[in-house]
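Structure record follows, encoded as structure tokens.
Since every read-out is calculated from the coordinates, none of them should be taken as a lab result. Bear in mind the structure is a predicted one, so any value in this text is a computation, not a measurement. Cβ: placed from backbone, ideal geometry, glycine included. Neighbour counts: every protein chain shown.
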Amino acid sequence: MNKFFYIEGAYLILGGIVLLVTLFVTTRPFMGKGAVKKGMGAVALFLALAIGAHYWVTTSRMAEVKEAFEAGKPVICESRMIRKGAQSLIIRKAQGWRLEGDFFVSDAYVRPFFTARCVLYK
């Protein structure tokens, strides 16, 4: 559950804001009867499905990246340290990288790389 809040925290906050806006709009006098119930229900269902799908896709990709890394295959990760030049980095187990939980770590880099921000190199 901790991983869910770490990955989806920003989307949960944005979803809460969207629900507040929906509540505000559906309580206006020009809206029909039952608009609050219908509007909040529809928006909450959409947000729950969208956030759930995003979490499922992200965790599936994380598992795929971890499995490929352990098999010795290269992985491309987003580098947030260098914003102007090369914004991605190819990570290989043979180059001294190791997997600690959900993060790729190397003694050559200050910051770890989160597996959710990585894809397989094909």
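General remarks:
- Positions within the range 11-64 being without any contact (Cβ under 8 Å) to a residue 40 or more places away in the chain and of a type in the set (Val, Ile, Thr), in sequence order: ILE13, ILE17, VAL18, VAL21, THR22, VAL25, THR26, THR27, VAL36, VAL43, VAL57
- Here is the figure for the range 1-59: residues that are out of contact with any Lys or Arg (no Cβ under 9 Å at 6 or more places or on another chain), farther than 30 Å from PHE103 by Cβ and polar (S, T, N, Q) total 2.
- Search result, residues across the range 67-78 that are more than 15 Å from SER106 (Cα to Cα) and under 19 Å from the mean Cα position of the chain (by Cα): GLU67
- Condition check for MET40: surrounded by 10 or more Cβ atoms within 10 Å (Cβ to Cβ), more than 15 Å from the chain's Cα centre (by Cα) and among the aliphatic types (A, V, I, L, M): yes
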